[in-house]
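Take a look at the structure set out below.
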Amino acid sequence: QVQLVESGGGLVEAGGSLRLSCAASGRTSTMGWFRQVPGNEREFVATINWSGGRTAYADSVKGRFTISRDNSKNMMYLQMNSLKPEDTAVYYCATIRGRFDLIYRDSEYDYWGQGTQVTVSS
């Protein structure tokens, strides 16, 4: 069992930046960030492999968001720059054990955090 805790969400003006953190209770392999707006399906944002050497992003955030991890601390991060009002959502981190490829579908992840709210004002 792995527990995940997100932090770093908040209210920011359009064009601003936020850094989300995800703390894991133990070692993990592939990790990802997703987001969800009430009434909508959960949306893929970014994924990173175990070593951090491979990453992938949704087209909507490519060039603005950066996913990274620090395995010595069991931490994952999402640096979000040039934020837009359409980035407003609850952001979730997710992980799975024993997978080493990049994972884009939420159904393939086993463990989820409770989410952190990001609100971008126009």
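Structure above, values below:
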item	result
Output for region 97-120, where each listed residue is open to solvent by 40 Å² or more (accessible area, probe 1.4 Å) and either more than 20 Å from residue 36 (Cβ to Cβ) or not in a loop (DSSP other than H, G, I, E, B) (or both)	97, 98, 99, 100, 101, 106, 107, 108, 111, 112, 117, 119
Selection within region 2-18 - over 20 Å from residue 112 (Cα atoms) and either part of a strand (DSSP E or B) or open to solvent by 30 Å² or more (accessible area, probe 1.4 Å) (or both)	11, 12, 13, 14, 15, 17, 18
Some residue of region 65-73 being assigned to a strand (DSSP E or B), open to solvent by 20 Å² or more (accessible area, probe 1.4 Å), farther than 15 Å from residue 92 by Cα and out of contact with any strand residue (DSSP E or B) (no Cβ under 6 Å at 6 or more places or on another chain)	yes
Qualifying residue in region 55-65 (condition: in contact (Cβ under 8 Å) with a residue 12 or more places away in the chain and more than 18 Å from residue 18 (Cα to Cα))	yes
Options 46, 94: the member that is in contact with a Phe, Trp or Tyr (Cβ under 8 Å, 6 or more places away or on another chain), farther than 21 Å from residue 14 by Cα and part of a strand (DSSP E or B)	94
The lone exception for residue 43 - which of (1) of a type outside the set (S, T, N, Q); (2) closer than 21 Å to residue 111 by Cβ; (3) open to solvent by less than 40 Å² (accessible area, probe 1.4 Å); (4) within 15 Å of the chain's Cα centre (by Cα) it fails	(3)
Failed item in (1) among the charged types (D, E, K, R); (2) part of a helix (DSSP H, G or I); (3) open to solvent by less than 40 Å² (accessible area, probe 1.4 Å), with residue 35 passing the rest	(2)
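The values are calculated or read from the model by the stated rules, or taken from the named source; none is laboratory data. Just so we're clear, the structure is a prediction, and the values are computed from it rather than from any experiment. No Cβ is skipped: glycine too gets one built from the backbone with ideal geometry, and neighbour counts run over all protein chains shown. Ligands, DNA and RNA are excluded from the accessible area calculation, which covers all protein heavy atoms including side chains. Shrake-Rupley method; radii C 1.70, N 1.55, O 1.52, S 1.80 Å.
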